[in-house]
Structure formats: C-alpha cells, structure tokens
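Everything below concerns the one structure shown next.
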Amino acid sequence: MSAPDTGDRTPGAAAGSQSSLATALTPVLTVAVSLLGLCLLWGFAANAWPSRAFPGPGQVWQVLLAEAASGDLFYHLGATLGRVAAAYVIAMVVGSVIGVLLGSYRNADRFFNPWVILFLNIPALVVIVLAYIWFGLNEAAAIGAVAVNKIPNVVVTMREGARALDPNYAEMAAVYRFGPLDRIRHVLLPQLQPYLAAASRSGIALIWKIVLVVELLGRSNGVGFQIYLYFQLFDVAAILAYTLAFVAVMLVIELLVVQPVERHATRWRRRPA
Amino acid sequence: MQPVGAAVPLRVDIAEKIFRSAQGVSITALRDLSFEVRQGEFACLLGPSGCGKTTTLRILLGLDKDFSGSFQLPEGGSNRIAAVFQEPILLPWRTVEQNVRLALPKSLRTKNLDGLFDTLGLAGMRSLYPAELSLGLARRAALARAFATEPAVLFLDEPFASLDERTAERLRHLLLTVWSARPTTALMVTHNLREALMLSDRIIVLAQRPAHVLGMFDVRLPRHYRNTQVMSDLLRSFHQKFPGVA
C-alpha cells in the first residue's frame, strides 16, 4: 500500500550524504535503465522486421513531436484527462458512500449485494452503448457511463474497508461527543485510507481505459477519438504516440500527485528508529 | 428531576441486562443493580473478572442501550462525561495533543493545556504519534484526554490492567495527582482490591452473575496516609466485612 520509498525514511544523520544520495537515486536509475532497455529491444525488433504496421521508437517520437507542435496532442490529452478526472471523482464519491453504507448495515448489504454483483459483471461496452442511446451522444452520458462502470469496484473495496472499521474508535468518539464532521474526518477517513488508496489506484487505470472506448464510440475529441481516427488511416506510429503520451501523463500523476498524497496520509505510520 | 439530583451526579438503577446469543441462549448479566456516586467522590466498582462491571460502564457511557432500568447523569451545566478505557484508544493518525484537543468541545479546542500536560509528564510528547509512545505514556495521554474535558463524571474501566505492576503503580499515583488538581466525580471499574483501596473514597462491591451490589466499603482515610502498613489494615478489615471477595 505505501510506496516503497527509501529516501525520506532512513534517518540520514549517521549515513554519509554521498551514500544516502546514491540510495535515493538507485530506484530512479533502475527505472530509467529498465525503460531504456525496453526501447532498445523495441528499436531492434522494428529494424529486424521493418513494416508500416510496426514503427520503431524513432518514428513514434517524430509523430509525437509533430502532434505536440501542432497543439493537437495537448488538446486531445486535455479532453481525455478532463473526462478521466470527472469520472474518477464521481465514481470515488458515489462508490465510497454506497460501499461504506453497505459495509455498515448488514441487512442493506444482503439486499443490495446481488445488484453489486450484477453491475460488476455488466461489460463496460454495454453500459456505454446504453448510456449513449438513452441520454444521447453528450459529455454527461460519456462521463456517467465511465463512472457507472467503475462504481461497483469502488463499492466492493470500500465495503471491505467499512467492515474492517474498529468499533473502539467509534465508541471513543461517541463518549467524547465528536461532531459528525469530526467523526468523518478524524475517525472514519483515516481508517478507510488504505482502501481509498487501493480503490484509487485500480480506479485510475481502469477509468482511463474505459474513457478511450467512450471517446471512440461517441465523442469527437480525446485520445480515444484520435486512436480511432489513426486506426482508420492505419497509422500505427500515431496510435502509439498518443498511447504513450497518455501513459506518460498518468505516470507523472502517479509520481507527483498520488504518491505524495499517500505519503502524507500515512505519515503517522512512521515508527521511532 | 428532584432537587437532590444536583448533589448526586450519578444515580444508577439498572433493573436487568440480558445478553442473548444468536443460538438463543440468554445470560442475565445484571439484575437490580442500584448505587449512587456522590458529588466529587471517587468510587470504585469492585468485582471479579467477567461479573458485569464493564457491561455496567458501557450502559452508563451510553454505548449499550439494550437494558431495562434507568440511570441519571448530572443535569444542567457541564453534563459532559469522559472515559478512560481498558486500552488507551488514541487515534493513531493524530498526535498526542490532537487526540486530546479533539475530545474537547469546539469552543474549548484552543484552551491552554500546558498545566495538564506538565502534570502528566507529557510536556515533551505533545507532537508525537501514539505509535511512538510506550504503553504507560499512551495511558497518560488517555488520562490527559479525559481530564482536559473537565467532565462532570469520569469513568475509568480498568485503565491500568494490562500494565506491569510498577508502571501501573506509578500511573495510579499520577491519576491521584491529576484528580486532586482537577477534582471530579469518578467511577472506576476494577477487579484489583489494592487498587480500589488505594484510589477510592468508597468501594461498591459487586456479587457475580447476575451482578448486583453486595455492599459498600468506605475508605475514610486521606489518601496520603494509605501507606503499606495502613493498606494491610484496610485489606484485613475489608476481608472481615466481605469474606471470600477478592
């Protein structure tokens, strides 16, 4: 759950600054070398089997630069990112509330559990198609369809979280008359944090893949729309360029947003040396 | 209710408390349990393990509403209650000081707690997280939280039971120190007779299954007279009055 960061947890007082810097850089270097190796392997394979359907990393890079220069890349990345963010927020909020309620009330859980299983097993494609038919080819239908696909997963994870709540904390809060907001902020959410993190992690990855399908089927911008366009043109280099660009964006979000937030949320787990 | 209600902050009249298991077995834990705790008094509920002391306390704390009978907490003014549980139950994701302040009503959140932290020897630990505290320090933080609220009644549920005897002894003295500095009506549950004799003004002796009051034992001596010699005298007279208890 917590990110394997060696850097800020080891007290650097005893260790020399040089060796602690090396320790901090080792994971970064490992990732860089690993990705470089993948690129080399890809380039080698593309050279060995030259084909229009299998461009090398150089060609993809050229397309990426061209799309970035024209501004298309950022426009479509932005459109997709906006949909991912909206669907993510809706799915997390709605799924968490339903999940915690089901985890807290056994009878409600017994009644609604079949619904959860039903929605868990409805293919994403069906939800998207139905949403477009019922609500039209618009932004609300697109984002709603993605959220509905994700909500059952969040419900299942958060239901586990609610079942694992320690009743002692709730009783302490009752005796000391914590207000409802204090209970949510200081008692409930910190206990649910690992489950929220798990739901977020799997959520972002799943959501952006579904967003691409939504865009392919019924929007006129976004990474999914571009991939569909270049599929019809049989332009594999452009397809890969858009895919890699978006994966890179998601990686940056993971490193700059998700992991720091998680480190902040779990800072109390630090043990004395 | 009656005007006398103000002088008696805690009046307990539990007719019956029955536990029903899922298999349909029912156990009567408490029957006709009645007692009072007077204003400013430190009373102990003494009884063997499993006799229903914690059950009684949970009812008084409002955590268990499935019983017949009634109890009365002080009316008007500060009707806040505080509790020190068997485990400290500090929020692990909040510091010692945040844990204490969160228990206070919003209007008192920023009040000065230096004296209280000093008395309990927690002055340097306010910004630590509970995981960084020893068992004894965590108990002190739980005491700080309880006394910070300046409760009308303080409930203690064997707060030192899971500690080694030396730490427990130190904490009992600390409890007396902070309690005499911030006097409040207190009801402590314990199965430890020596602890009850050392801390309380009056011991409410419980009989087992279903729990009811066997009798009262007044400890009229000022606490600073309760040295080893006096304690063995107290023990002897307690055993004369309640043969076979504890």
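Filter the stretch B:60-104 down to the residues that are on the phi > 0 side of the Ramachandran plot and away from chain A (no Cβ under 11 Å), then identify the one that is modelled with the highest pLDDT. Steps first, please.
Here is the first cut: in the stretch B:60-104, the residues on the phi > 0 side of the Ramachandran plot are B:62, B:69, B:76-77, B:89.
Narrowing the set further to residues that are away from chain A (no Cβ under 11 Å) leaves B:69, B:76-77.
Working: B:G69: 84, B:G76: 49, B:G77: 48.
Selected residue: B:G69.
Are there any helices (runs of 4 or more DSSP H) wholly within the stretch A:123-181 with 1 or more residues that are touching a strand residue (DSSP E or B) at 6+ places or on another chain (Cβ under 8 Å), and if so which? Even if it seems obvious, please write down each step before you answer.
Values: elements: A:124-135, A:139-163, A:167-175.
Those helices (runs of 4 or more DSSP H) span A:167-175.
Starting from the stretch B:29-53, keep only residues that are farther than 12 Å from B:R202 by Cα, then list their pairs with residues that are in a strand (DSSP E or B) and of a type in the set (S, T, Y) whose Cβ atoms are within a distance under 9 Å, requiring at least 6 positions of separation or different chains.
Filtered contacts from the stretch B:29-53: B:Q39/B:T185; B:G47/B:T190; B:K53/B:T190.
Scan the stretch A:133-153 and report the pairs whose first residue is under 15 Å from A:A199 (Cα atoms) and whose second residue is among the hydrophobic types (A, V, I, L, M, F, W, C) and part of a loop (DSSP other than H, G, I, E, B), with Cβ atoms within less than 9 Å and a gap of 6+ or a chain change.
Partner pairs satisfying both residue conditions: A:V148/A:I122; A:N149/A:I122; A:P152/A:I122.
Restricting the search to the stretch B:129-182, which residues are under 20 Å from B:L91 (Cα atoms) and of a type in the set (S, T, N, Q)?
Matches in the stretch B:129-182: B:S134, B:T149, B:S162.
Among the residues in the stretch B:106-117, are any buried (at least 18 other Cβ atoms within 10 Å of the Cβ), more than 8 Å from chain A (Cβ to nearest Cβ) and in contact with a strand residue (DSSP E or B) (Cβ under 6 Å, 6 or more places away or on another chain)? Let's see the steps before the verdict.
Within the stretch B:106-117, the subset buried (at least 18 other Cβ atoms within 10 Å of the Cβ) is B:113, B:116-117.
Filter once more, so that each one left must be more than 8 Å from chain A (Cβ to nearest Cβ): B:113, B:116-117.
Pick out the ones that are also in contact with a strand residue (DSSP E or B) (Cβ under 6 Å, 6 or more places away or on another chain) and you get none.
No: zero hits.
Which one of the conditions (1) farther than 20 Å from B:F155 by Cβ; (2) touching a residue at least 60 places away in the same chain (Cβ under 8 Å) does B:K111 fail to meet, given that it meets all the rest?
Checking B:K111 against (1) farther than 20 Å from B:F155 by Cβ; (2) touching a residue at least 60 places away in the same chain (Cβ under 8 Å), the one that fails is (2).
Out of (1) within 14 Å of chain B (Cβ to nearest Cβ); (2) in a helix (DSSP H, G or I), what's the single condition that is false for A:I207?
So A:I207 meets the others, but not (1).
Residues checked against (1) away from chain A (no Cβ under 14 Å); (2) free of Cβ contacts under 8 Å to residues at least 24 places away in the same chain; (3) crowded, with 17+ Cβ neighbours inside 10 Å:
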| residue | (1), (2), (3) |
| --- | --- |
| B:L122 | yes, no, yes |
| B:R126 | yes, no, yes |
| B:Y129 | no, no, yes |
| B:V153 | no, no, yes |
| B:R166 | yes, yes, no |
| B:E195 | yes, no, yes |
| B:V205 | yes, no, yes |
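Kindly indicate which of A:P260, A:P190 is part of a helix (DSSP H, G or I) and within 14 Å of chain B (Cβ to nearest Cβ).
Working: A:P260 fails: within 14 Å of chain B (Cβ to nearest Cβ).
After ruling out the rest, the residue left standing is A:P190.
Can you go through A:V214, A:V187, A:V175 and tell me which one is assigned by TED's automatic domain parsing to the domain that holds A:G95, in contact (Cβ under 8 Å) with a residue 60 or more places away in the chain, surrounded by 18 or more Cβ atoms within 10 Å (Cβ to Cβ) and not polar (S, T, N, Q)? Talk me through it step by step, then tell me what you get.
Numbers: A:V187 fails: in contact (Cβ under 8 Å) with a residue 60 or more places away in the chain; A:V175 fails: in contact (Cβ under 8 Å) with a residue 60 or more places away in the chain.
Only one candidate passes the filter, namely A:V214.
With respect to the numbered conditions (1) under 30 Å from A:L188 (Cβ atoms); (2) under 22 Å from the mean Cα position of the chain (by Cα); (3) more than 14 Å from chain A (Cβ to nearest Cβ); (4) surrounded by 15 or more Cβ atoms within 10 Å (Cβ to Cβ), which one is the sole condition not fulfilled by B:L57?
With respect to (1) under 30 Å from A:L188 (Cβ atoms); (2) under 22 Å from the mean Cα position of the chain (by Cα); (3) more than 14 Å from chain A (Cβ to nearest Cβ); (4) surrounded by 15 or more Cβ atoms within 10 Å (Cβ to Cβ), B:L57 is out only on (3).
The values are calculated or read from the model by the stated rules, or taken from the named source; none is laboratory data. Source: prediction; values computed, not measured. Here Cβ is always computed from backbone atoms with ideal geometry, including for glycine, and neighbour counts include all displayed protein chains.
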